[in-house]
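Asker: A single structure is presented below for examination.
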Amino acid sequence: KTAYEIYQCDWSSDVCSSDLSGSTVTQTTSRGTGVTINSLAGTIVTTSAVLAAGGVDAFFVGNNKFDPTTDIVLVQVTSYHNGVYLVTALPYNTGVTGFYIFLRNLDTFSTASEAVTIRFMVQKAPNS
């Protein structure tokens with residue numbers, strides 16, 4: 001079975017794959033404003049915009065399920081026009097629960113004006 005088909009929780013994490021069912025939330029944002037998605041997994045669709053070669057857009061994701069001192073955020077980006085992007089998530093550690101998403105254009109030319117889809121999942125830290 002693939003990782004997406006495993007339902008039995010047999011690892012030492014606080015979250016099993018079955019805990020994620022029904023928790024995905026989708027929000028749309030411009031690439032300069034943030035969103036709030038208080039779930040362990042979500043989809044963010046950006047509004048259409050051009051991103052210069054090597055350019056970076058960043059926005060904040062408020063998320064009260066995320067502990068910046070112990071949790072990890074996994075991210076994936078997809079592009080309708082097959083733009084070449086790198087997406088990363090970094091914790092925000094100054095009293096507000098959430099993380100920043102950074103979207104970078106890896107191409108040597110500007111992207112088409114397009115919306116991109118960013119999927120994230122919060123990986124809870126194992127019990128110590």
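Asker: Under a 1.4 Å probe, what is the accessible area of segment 40-128 per residue, stated in Å²? Walk me through the intermediate numbers first.
Answerer: Details: 4600 Å² over 89 residues.
Solvent-accessible surface per residue comes out at 52 Å².
Asker: Each label point is 7 Å from the Cα along the Cα-to-Cβ direction; what then is the distance between the points at residue 123 and residue 69, in nm?
Answerer: Each label point lies 7 Å from its Cα, and together they span 2.1 nm.
Asker: Using only the alpha-carbon atoms, what does segment 28-128 span along each of its principal axes? Please give whole angstrom values in decreasing order.
Answerer: The Cα atoms of segment 28-128 stretch 46, 22, 22 Å along the principal axes, largest first.
Asker: If R0 is 25 Å, what FRET efficiency do you get for residue 86 and residue 33 from their C-beta distance, rounded to 0.05? Display every interim value, and only then the final one.
Answerer: Numbers: r = 21 Å, r/R0 = 0.83.
Once the sixth-power term is evaluated, E becomes 0.75.
Asker: I want the local charge near residue 116. Using Cβ-Cβ distances under 12 Å, sum +1 for each Lys or Arg and -1 for each Asp or Glu among the other residues.
Answerer: Counting the neighbours of residue 116, the net charge comes to +1.
Asker: In nm², what is the average projected area of the convex hull enclosing the Cα atoms of segment 71-128?
Answerer: That works out to 5.3 nm².
Asker: So how do 107, 67 rank on accessible area, 1.4 Å probe, biggest first, that is with the largest at the start?
Answerer: The ordering from most to least exposed comes out as 67, 107.
The values are calculated or read from the model by the stated rules, or taken from the named source; none is laboratory data. Because the structure is predicted, anything quoted here is derived from the model rather than measured. Backbone-built Cβ (ideal geometry, glycine too); neighbour counts: all protein chains shown. Side chains are part of the model used for accessible areas, which takes the heavy atoms of the whole protein and leaves out ligands, DNA and RNA. Shrake-Rupley method; radii C 1.70, N 1.55, O 1.52, S 1.80 Å.
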